[in-house]
Amino acid sequence: MSRRSLLRSLGAGSAGAALAGCGVPAAYVEPGDRSGPDRSDSDHSLHFANWPLYIDTDDEDESKRPTLDAFTRRTGISVTYTEEINDNDEFFGKISPALMNHQPTGRDLVVISDWMAARFVRLGWVQEMDRSRQPHVAAYLDPQLRSPAFDEGRLHSVPWQSGITGIAYNRAKLGREIRHTSELWADDLRGRVTLLSGLDEAFALLMQGNGADITRWTADDFHEMCEQVARHVRSRHIRRFTGNDYIKDLANGDVLACQAYSGDVIQLQADNPGIEFVVPEEGAELWSESLMIPNLAGHKRNAEKLVDHYYEPEVAAELATWVNYVCPVPAAREILASSKDEETAALAEDPLIFPDDAMRRRLAIARDITSEERTGFAKKWNSIVGL
C-alpha cells in the first residue's frame, strides 16, 4: 500500500473545510504576526509531521529512516518525525485552532497537499522560507514546479514529492490501448470504470478531457464536467467513486480503467505487468504535496536546513527509490542511473518518476478552487458522487 492509499475523499461538511471555504476574516494572520522567537541556535531539534509510508526506512529496522539519520549526523539537529497526517481536512482541523489564535502548533515542518496548502497561504498561516539558506532548493527544484498559482515563486512551500493523476487500465484484459480521457466512456468499459471521489483529486483530469486549460479553468468548465459525470452515473457507466481502493478493483479485474495516481501504479505493475498508466493526449494533472513551516514555529532555521537537505540530488535519489512518486529534483535521475544495482538504475528510466519531455508537455498544474467557489462546487460534486 502506498502513502497516497491512505487519503480519504474530501469531507465538505467538516469544520475545517467550512472554515477555509468561508474564508473567515478573523482567521487571517498578517505577515508581521507569523514569525516568533527562533530557538534553532540553542536548541538543535525540530518536529516534522508527515504522512505514513512517505519516507525511506531501513531494510532491517523500519524505525530507522536513513535520510533523516544522515541529516542529524551532518548537522547535529535531531528530528522528531511523526506520521500523523492521514487526511488533509482532518489535519487542518487539528492545527487550525492554534493558528487562528496566534499560537504555535508544536510543529516546525508539515507536508500537505497543494490544494490544502493554498488555504494555508490564503489564510497567512505559513511563513516564507529564507532561500538564502536553501541553495539546493534554488539550484535543483524542478522548473515545472517552481511557481504554482497558489504560491507564486514558491515563497511558502517546497514540494516534498510530486505525482500525476492520470488513467490506469488493464490492457491485458481490455485488449486495447487507452490514449484519451474520452475513451473511458467507450461501450466496452460500461460498468468497469471508477473515478476518484474527492473533488480536488478528480476534477482536473476530467476537465482536461473536455479540452479545458486547467491552469485557468472557469465555472463553465466545472459545470460541463459535472454534467458529463452525472450522465455517466445515471447510465451506470461509472461503477463507483473511490478513494485509493481503486487499487484493489483494478488488481482483481473488477475494474478495467480508472482515475489513478502515478505512484500507486508503479507498485501495482510490480505484481501485474498488464496494468498500464497513461497521461492522456489532452493532458493530466501534475500535483505536489509540499513542505511548509507553520506560523510561530520555534525552529524555523532548522526546518529550512532539513528542506534543503532533501534537495541534494543524492538525498532526493535515495528518497525516490522508496516512495516512487515524481521526484521534484530532476538531477537525482543521474544519481540513480549510475547505480550498480539494476533495479535502482531502472528507476531512472521510469517516466512516472522522471517524466520525459514528451510527457511533461502534457502535464499541467491546476489552479486551485477558490474559497468563494468551494462551497457551491463541493455541494454539486458531492451530490453526484453520493457523499
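The values are calculated or read from the model by the stated rules, or taken from the named source; none is laboratory data. Since the model is a prediction, treat every value here as computed from it, not as a measurement. Cβ atoms come from the backbone with ideal geometry, glycine included; neighbour counts cover every protein chain shown.
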task: Considering every residue within the stretch 115-123, establish whether at least one is at negative phi, assigned by TED's automatic domain parsing to the domain that holds Lys300 and either hydroxyl-bearing (Ser, Thr, Tyr) or part of a loop (DSSP other than H, G, I, E, B) (or both).
output: no
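When you scan the stretch 54-61, do you find a residue that is buried (at least 22 other Cβ atoms within 10 Å of the Cβ), among the β-branched types (Val, Ile, Thr) and modelled with pLDDT of 95 or more, even just one? Give the steps one after another, and end with the answer.
First, pick out the residues of the stretch 54-61 that are buried (at least 22 other Cβ atoms within 10 Å of the Cβ): 55.
Imposing the further condition that a residue be among the β-branched types (Val, Ile, Thr) reduces the set to 55.
Cutting the leftovers down to modelled with pLDDT of 95 or more gives us 55.
Checking the stretch 54-61: at least one residue is buried (at least 22 other Cβ atoms within 10 Å of the Cβ), among the β-branched types (Val, Ile, Thr) and modelled with pLDDT of 95 or more.
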- line: Scanning the stretch 176-203 for residues that are over 21 Å from Arg239 (Cβ atoms) and buried (at least 20 other Cβ atoms within 10 Å of the Cβ) gives Asp200
statement: Selection from the stretch 131-150 of residues touching a residue at least 12 places away in the same chain (Cβ under 8 Å) and of a type in the set (Ser, Thr, Tyr) yields Tyr140
query: Within the stretch 94-113, can one find any residue that is out of contact with any Gly (no Cβ under 9 Å at 6 or more places or on another chain) and either among the acidic types (Asp, Glu) or outside the structural domain of Arg333 (by TED's automatic domain parsing) (or both)?
result: no
- request: Hey, could you check the stretch 128-178 for residues that are more than 19 Å from the chain's Cα centre (by Cα) and in a loop (DSSP other than H, G, I, E, B) and say which is farthest from Pro31 (Cα to Cα)?
  value: Gly175
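Looking for something of a type outside the set (Lys, Arg), at pLDDT below 95 and surrounded by fewer than 19 Cβ atoms within 10 Å (Cβ to Cβ) - is there at least one such residue anywhere in the stretch 131-138?
There is no residue in the stretch 131-138 that is of a type outside the set (Lys, Arg), at pLDDT below 95 and surrounded by fewer than 19 Cβ atoms within 10 Å (Cβ to Cβ).
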field: Members of the stretch 40-77 that are more than 21 Å from Pro313 (Cβ to Cβ), over 26 Å from the mean Cα position of the chain (by Cα) and either of a type in the set (Ser, Thr, Tyr) or not assigned by TED's automatic domain parsing to the domain that holds Val110 (or both)
entry: Ser40, Ser42, Ser45
message: Among the numbered criteria (1) of a type in the set (A, V, I, L, M, F, W, C); (2) farther than 19 Å from Ala260 by Cβ; (3) assigned to a helix (DSSP H, G or I), which one does Leu184 miss?
response: (2)
Condition broken by Ala260, with the remaining ones in (1) in contact with an Asp or Glu (Cβ under 9 Å, 6 or more places away or on another chain); (2) closer than 21 Å to Trp185 by Cα; (3) buried (at least 23 other Cβ atoms within 10 Å of the Cβ); (4) of a type in the set (A, V, I, L, M, F, W, C) satisfied: (1)
message: On the basis of being in a helix (DSSP H, G or I), modelled with pLDDT under 95 and among the polar types (S, T, N, Q), does Ser9 make the cut?
response: no
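For the stretch 301-371, give me every one of the helices (runs of 4 or more DSSP H) that falls completely inside it and has 3 or more residues that are closer than 25 Å to Ile77 by Cα. Don't jump to the end; show me each part of the working.
On the way: elements: 313-323, 332-337, 342-347, 357-360.
Hits in the stretch 301-371: 313-323.
Residue by residue through the stretch 251-271, note down the ones that are over 19 Å from the mean Cα position of the chain (by Cα) and touching a residue at least 60 places away in the same chain (Cβ under 8 Å).
First, the residues of the stretch 251-271 that are over 19 Å from the mean Cα position of the chain (by Cα): 251-257, 269-271.
Gly253, Asp254, Val255, Leu256, Ala257 - these are the residues of the stretch 251-271 that are over 19 Å from the mean Cα position of the chain (by Cα) and touching a residue at least 60 places away in the same chain (Cβ under 8 Å).
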query: Quick one: how many residues across the stretch 69-122 are more than 20 Å from Val29 (Cβ to Cβ), of a type outside the set (D, E, K, R), surrounded by fewer than 21 Cβ atoms within 10 Å (Cβ to Cβ) and without any contact (Cβ under 8 Å) to a residue 60 or more places away in the chain?
result: 6
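Filter the stretch 266-300 down to residues that are in a loop (DSSP other than H, G, I, E, B) and of a type in the set (A, V, I, L, M) and give me whichever is farthest from Glu152 (Cα to Cα). Give the derivation first.
First pass over the stretch 266-300, keeping only residues in a loop (DSSP other than H, G, I, E, B): 272-274, 279-283, 293, 295-299.
Then drop every residue that is not of a type in the set (A, V, I, L, M), which leaves 279, 293, 296-297.
On the way: Val279: 26, Ile293: 16, Leu296: 22, Ala297: 22 Å.
So, considering only residues that are in a loop (DSSP other than H, G, I, E, B) and of a type in the set (A, V, I, L, M), the one farthest from Glu152 (Cα to Cα) is Val279.
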